[in-house]
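The values are calculated or read from the model by the stated rules, or taken from the named source; none is laboratory data. Being a predicted model, the structure only gives us computed values, none of them experimental. Using ideal geometry, Cβ is built from the backbone for each residue, glycine included, and neighbour counts are taken over all protein chains shown.
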Amino acid sequence: MRTRTKLYAAAVGLATTGALVLSSGGASGHGYTDLPLSRQKMCQNGMVTNCGNIQWEPQSVEGPKGFPSAGPADGRLCSAGNAPFAQLDSPRTPSGGAWPTTRVTGGQNYTFRWQFTAMHSTTDFKYFVTKPGWNQDHALSRSDLNLTPFLTVPYGGQRPPQTLSHSGQLPSGLSGHHVILAVWTIADTANAFYACSDVTF
């Protein structure tokens, strides 16, 4: 009975605070952005409903590294190619509405923030944004993005703290709805973590 109580408490903690119950499975799913709010974090927060498993594990959007020359396939960038998280790839929320956006201002500095539940040795963080006139009616593809990152933060193999913020200048000349794709590249595995954030310039 005591074991069942402990397991229930762990499950409640995971659902309400995003705490991680570490497994022995290696580097599986351990980081997401909450500034600007990523789609997976909106699902965890309940801002977007019917998201499926991602609401319990926003830190788990992990896929092959090397973007944009490698990495997840087009149309599966926001889920990092993980079929259980396919809701993140849709241009509409699971309930059919638009993804909520964070208001930003082009040409100004913005503070990006990551939350980590396992702090892996890190190559860098890169940020990409959709181009003017991008196709908002399909799942995000490379053709929608400016494939030169507007911000790259080298990390030299260090392990980040549990919360990491860094600032960079947002691109100018954009207006309306865009998507920022954040990529956290792990130094000592073949993978990276991906987060799509909807913004309004």
Practice task
Kindly indicate which of Q136, Q169, Q158 is modelled with pLDDT of 95 or more, of a type in the set (S, T, N, Q) and within 21 Å of R39 (Cβ to Cβ).
Solution key: Q136
Fill in the blank from the handout: Expected output for region 54-69 (first residue at pLDDT below 95 and crowded, with 23+ Cβ neighbours inside 10 Å, partner part of a loop (DSSP other than H, G, I, E, B) and polar (S, T, N, Q), Cβ below 6 Å, 6+ apart or cross-chain) is Q59/T117
Exercise for the section: Name every residue in region 125-175 that is of a type in the set (F, W, Y) and under 30 Å from G96 (Cα atoms), in order of residue number. Expected result: Y127, F128, W134
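Go over the candidates T148, T122, T111, T200 one by one and state the one that is surrounded by fewer than 12 Cβ atoms within 10 Å (Cβ to Cβ), among the β-branched types (V, I, T) and in contact with a Ser or Thr (Cβ under 8 Å, 6 or more places away or on another chain).
After ruling out the rest, the residue left standing is T111.
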Completion exercise
Taking region 99-130 and keeping only residues that are at pLDDT below 95 and hydrophobic (A, V, I, L, M, F, W, C), one is left with F116, A118, M119
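Looking only at region 114-142, which residues are closer than 16 Å to Q162 by Cβ and in contact with an Asp or Glu (Cβ under 6 Å, 6 or more places away or on another chain)? Even if it seems obvious, please write down each step before you answer.
Narrowing region 114-142 to residues closer than 16 Å to Q162 by Cβ: 114-122, 125.
If the condition is that a residue be closer than 16 Å to Q162 by Cβ and in contact with an Asp or Glu (Cβ under 6 Å, 6 or more places away or on another chain), then Q115, S121 are the ones that fit.
Of everything in region 130-159, what is of a type in the set (S, T, N, Q) and free of Cβ contacts under 8 Å to residues at least 40 places away in the same chain? Give them in sequence order.
Of all residues in region 130-159, those of a type in the set (S, T, N, Q) come to 130, 135-136, 141, 143, 146, 148, 152, 158.
If the condition is that a residue be of a type in the set (S, T, N, Q) and free of Cβ contacts under 8 Å to residues at least 40 places away in the same chain, then N135, N146, T148, T152, Q158 are the ones that fit.
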